[in-house]
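The values are calculated or read from the model by the stated rules, or taken from the named source; none is laboratory data. Keep in mind that this is a model prediction, so the values were computed, not measured. Cβ sites come from the backbone with ideal geometry, for glycine too, and all protein chains shown count toward neighbours. All accessible areas refer to the heavy atoms of the entire protein, side chains included, with ligands and DNA or RNA removed. Shrake-Rupley method; radii C 1.70, N 1.55, O 1.52, S 1.80 Å.
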Amino acid sequence: MEALLFNVSGGFLEGIVRGYKAGLLTQNQYNNLTQCETIEDFRTQLSATDYGNFLANEPLPISTSTISDKATQLLVDQFNYLRSNAVEPLSKFLEYMTYAYMIDNVILIITGTLHGRNTNELLQRCHPLGIFDTMPALCVATNVEELYHTVLVETPLAPYFRDSVTAADLDDLNIEIIRNTLYKAYLEDFDAFCQSLGGPTAEIMHRILAFEADRRAINITINSFGTQLSKEQRAKLFPTIGRLFPEGNNALARADDIEQVRQACEPVAEYRAFFDSSGPGAGRVNGGAGGGSESTANLLGDLGVSDEFGGGAADLEDRFFVHEVHLNKLAFLQQFQYAVFYSYIKLKEQEIRSLTWIAECIAQNARDRIHDFIPTF
Amino acid sequence: MGDEYPTLFRSEQMSLVQLIVPTEVAHDTIAELGELGNVQFKDLNPDVNPFQRSFVGEIRRIDEMARRVRFFASQVEKEKEPIPIRPLYDSAPLLTVGPRGAQTIDELDVKLAEHEARLTQMNESYQLLSERLRELVEARHVLRETAVFFEQAAVRETETRTSLDDSAPLLQHDDREQQFSSGELQFDLEFVAGTIDRARLSTFERVLWRVLRGNLYMNYIDIQEPFVDPATGAETRKNVFIIFAHGDILLSKIRKIAESMGATIYPIDVNADKRADSMREVTGRLEDLQIVLYNTGANRRAELMTIGENLASWQDVVAKEKLIYETLNLLNYDVRRKTLIAEGWCPTRDIPQIQLALRHATEESGTNVPPILHELRTNRTPPTFHRTNKFTEGFQTIMDAYGVATYQEVNPGLFAVITFPFLFAVMFGDIGHGFIITIAAALMILFERKLGKADLGEIIGTFFFGRYIILLMGFFSIYTGFLYNDIFSKSLHLFHSGWDFREDYFNGTVGVSNGHTYPFGLDPAWHGAENGLLFTNSYKMKMSIVLGVIHMTFAVCLQVPNHIRFRRFSDIYTNFIPQMIFLQSIFGYLVICIIYKWTIDWSKAPTQPPSLLNMLISMVLSPGSVDPESQLYPGQSTVQVILLLLAGICVPWLLVTKPYLEWQEMKKIQGQGYIGLGADDAPRHTDDTMLEGEEEGNGRAIVEANDEEHEQHDFSEVVVHQVIHTIEFCLGCVSHTASYLRLWALSLAHAQLSEVLWDMTIANVLGMSGLIGIIALLLVGAMWLVLTIAILCVMEGLSAFLHALRLHWVEANSKHYEAGGYQFVPLSFARLNEKQ
């Protein structure tokens, strides 16, 4: 059926997104990039790719954050192009994708305000895909109730918030609970939406979202060791769409150390490999993530950017990324479905992370670790 | 070898040359060769990353300079009043060659950096000042609007006071109390005033409402004039808002939200006098600032003017330098010997010229070590280079668009110069329309210098590029127009017609031959005759077949010079001769029959004129039997059987002989005890190159082994190729002949369309008399002229052009054109300008 009617409204954009995908950097180009001596070389090398002359008008010297910003801007432009050309249900699908960024932005701003950061500075750090009108007003909220009633009530995030968050003061722990509850509700809702679309979209998106859910569950578990978070509370934060659900989730809820987490993941063959030698590495997820630019916001750990990690290539988080990239690549094997849009954005994000990592290594002259990025294609 | 006079018949003879250039003169040599535009350089370091090549540093520096120049250009462009940029031909040349070349570049670099720094600084201060100005203007607006608001409030206040309304709200009651006590208008409500982007206003209001739970009174007024951002030129529209609320906490919340929403808050005093004071102050500061801003703007403009003086030459120099260094990166750099080795293709005839340029470069740079040039022997196929001029360029481009000719192949572009406009004209035959496009083309040619410099845009530019094609198309259209005797769908009565018209009682008007023959073209008597269309149709249809067969025969003949040049003599009798016989025995015979049928006066013949189409069909379907009713000439059946047999023999001939010869050749070689060495060839090859790289250029190219793929001459491949070729040719002959009927169809459509246009417009008003008749004629005539140009000349012309193109590409080129070459792309500064 999809083959018959998909192209009526989705064919053009699928073509576009597959074209974009063809522009992702290849292994060969990554190899060339890692050989660069300076950031200028890096720029010259990138200008031969689909990035083109996106840095040509930047005065020297170029900072890594400029590269990352400009690259993200390209991604955002592409996404907005797709979005403005999309019709239902694809437009809804794309909108769902932005909710994740909105959640991150909301959390970023309230945490930042809690710690007395400047609002404008915080706004600039927000991901452009997750920006909504009333976002700046977030900074006046002092408790959860107010947060909901002043700002979030008119955002698409409101339904996630309404049911799940009880009134409480905003503190680091609560913010993290809010974040994870929102994310749980979001993932479940997104999955339900994808299931309603049916066909290959439902199938592939479920695979990707299920992994995302499990990853969050595992991260929450590992990062909550030794914090005040009770086990009941923890169990409530686990998304219920993952492959670990329900036995694995129950086991995770009861887990006290990394060994028990490993056992909980045992039934799923793919996840077993994550823990093969990551015993020592997993501890670093906890420690390393806290040192990132989002400061204490990462108490419970989140999608920390890979270059903020202290660990080596064998990191648990890195393995998650590798698996995510793998799943996203698989999405391109099937036609007539929307998962390619999701996967493309995720892959491009991964590519930008890798680029930033390489640029950072070049700038800081840490050539021995330059190969620790996660290649996409 | 290179003494052959250059023609378009074959592509230019090329030589692979090696240049050994001392490092000191390398830059100047490349610059000189770039001016000359005769050498295509090969990449001698294909394995080296772009940023690991020798001249990356220079390129990076040039890139930085290019960025600055681009920055200047964008700044100049952004300026509202245009800044004159002195054109390149008017500016003093910047000499970047010779002993002082490097210094010039250094100076230019410094100069650009200085200009950039100055301009950025000016931009910054200008922006800063504009920002301050904007704030002041906003403050003035806020002051003015709040004043208006307060005044209105005061009026309303007095009104409420005088009207003895009991239902006045409690709050106002309090107010009144206080006002009574203080004796003048006074507010105890505190407020926040400021400006905000109009797009955000509604969100702002909504959020405030929700945060303060409705405990606020908000008023806002549009600011009429937009604010222009000096850096980007974007316009923003803003609103003044004033919010009343009660209590410090609420006010601080409002301030916080306002700030986070990007609003600017201005401290406004409640006291009217103080407001007037600050208004005066703001106005005073505004005036000062405007003066400063004006001066800064004038300075900036002056700076941009000086930049505009030199911008064109800077752009030119930077682009050239970049090209030079990119070319230098292609060369093989030998650190030890301080020389660069270049390899590339150049036309053999131009070698003396290149040598002269090299010597000139040496003299210029003031050294006495000249670059050395010598020719290399190679078995690689050289690029194809047709030396064109502005006349032939367009025609050659048409053929290159189909495919670039194989090196030294017969070039169909030469013949297209005549055949293309001719075939076009057969479809477009009309004296009037031909005249219009001739005039258009002639005008373009007359003003070609002026038009060539101007930027014409893509569509007009395309027409301008093809101006000589259009000119010839126009001439030929006039010629065929005379043949068809068609001028804007009317006919010319130049000579005495061969027909008289007499009233006949039974048949109406009947034409009777009066013994004359119309000397040239179609007799005008046919125009308007009842069977005129029948006649022109039959005439044009047959003519298209005749022209088509001639064109195809010619195309087949063009194989012969190719076979001779490439020493494939066997191909003459394995390919050319059978193809020729096949084509002539069926379609050549048809042409002869057509002409023969024309020569017979059928009104006096005993039989009815036979249908040639049926004749051709029955010739193939029922050979040997001809219906005596439709016999064209005696002995027809015998002739046809012989011709059919000839064509039948040609098919297996074409199919078998070439593979057989190939097979025989192979057997002969095997019989002598040789075996093909395809795989073992490669390693020996690389050894050679390595060795000879050391020995340095004793006649072998450096990158020879890298990319010469040896085609496997497999026997089965030859067979398959020949089978396809045979089938294609035999079927092609039939379908291509039919395809030439488009000449008739298009010509018919053109004639009919122009007739319809005439009948629908001018023919209606031509009979009217008096003033109305003249006005109507003028109006309708104008309409007719516009439609004639738009529909008949442009649209129909494009369609005829397209069909002529197809006839050349498909019907003619498939008979002989291999088109397996690659274009010669020399390093040339002239091309660089073209690209921009």
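Just a few scattered comments:
- Pairwise centroid distance, computed over Cα atoms, of the range A:345-377 with the range A:220-248, Å: 31
- Probe 1.4 Å - accessible area at residue B:825, Å² to nearest ten: 80
- In degrees, nearest ten, helix B:56-78 long axis to first principal axis of chain B (Cα): 70
- Computed FRET value (nearest 0.05) for residue B:368 with residue B:5, which takes r as the C-beta separation and R₀ as 41 Å: 0.70
- Centroid-to-centroid, using Cα positions, the range A:99-175 and the range A:65-80 are 23 Å apart.
- Accessible area per residue was computed with a 1.4 Å probe on protein heavy atoms; residue B:595 scores about 80 Å².
- The charge dipole of the protein assembly as shown, taken about its Cα centre with unit charges on the Cβ of Lys, Arg, Asp and Glu (plus for the first two, minus for the last two), comes to roughly 2640 debye.
- Residues of the range B:197-212 whose accessible area (probe 1.4 Å, heavy atoms of protein chains only) drops by at least 50 Å² once all protein chains are present, relative to their chain alone: B:210.
- Inter-part distance, the range B:567-615 to the range B:211-288, computed on C-alpha centroids, equals 93 Å.
- Counting heavy atoms of the protein chains alone, residue B:291 has an accessible area of about 100 Å² for a 1.4 Å probe.
- Rolling a 1.4 angstrom probe over the protein heavy atoms with all chains in place gives chain B an accessible area of 54 Å² per residue.
- Of all lysines in the structure, the ones whose alpha carbon falls short of 16 Å from that of residue A:236, not counting any fewer than 8 places away in one chain, are A:184.
- Local net charge near residue B:552, Cβ-Cβ under 12 Å (Lys/Arg +1, Asp/Glu -1): 0
- Net charge, residue A:77 excluded, C-beta distance under 11 Å - Lys, Arg +1, Asp, Glu -1: +2
- Protein heavy-atom accessible area occluded, B/A pair - total, 1.4 Å probe, Å²: 2000
- ³J(HN,Hα), Karplus 6.51/-1.76/1.60, whole Hz, each residue of the range B:455-468, x for Gly, Pro: 8, 9, x, 5, 6, 4, x, 5, 4, 5, 4, x, 5, 6
- Computed from Cα atoms, the angle from the helix B:23-36 axis to the main principal axis of chain B rounds to 70 degrees.
- Here the Karplus curve 6.51 cos²θ - 1.76 cosθ + 1.60, taken at θ = phi - 60°, turns the phi angles of the range B:431-438 into couplings of 4, x, 5, x, 5, 4, 6, 5 Hz, with x standing for Gly and Pro.
- Other residues whose C-beta falls under 13 angstrom from the C-beta of residue B:663 contribute a net charge of -1, scoring Lys and Arg +1 and Asp and Glu -1.
- Here residue B:390 is the anchor, and the lysines within straight C-alpha reach of less than 22 Å, apart from those fewer than 8 places off in the same chain, are B:450, B:453, B:835.
- Solvent exposure of chain A amounts to 40 Å² per residue of accessible area, where only protein heavy atoms count and the probe is 1.4 Å.
- Comparing each chain alone with all protein chains together (probe 1.4 Å, DNA, RNA and ligands left out), the residues of the range B:54-85 losing at least 30 Å² of accessible area are B:60, B:64, B:67, B:70.
- For the residue pairs A:21/A:92; B:78/B:111; A:231/A:346; A:92/A:329; A:329/B:322, alpha carbon separations beyond 29 Å are given by A:231/A:346; A:329/B:322.
- Ligands, DNA and RNA left out, the accessible area of the protein assembly as shown computed with a 1.4 Å probe is 58% carbon and sulfur.
- Contact-buried residues of the range B:245-270, at a threshold of 40 Å² lost accessible area versus the chain by itself: B:253, B:256, B:260 (1.4 Å probe; DNA, RNA and ligands ignored).
- Annotation: amide H of residue B:14 within the under-5 Å range of B:348, sequence separation 5 or more or interchain, hydrogens built in the peptide plane.
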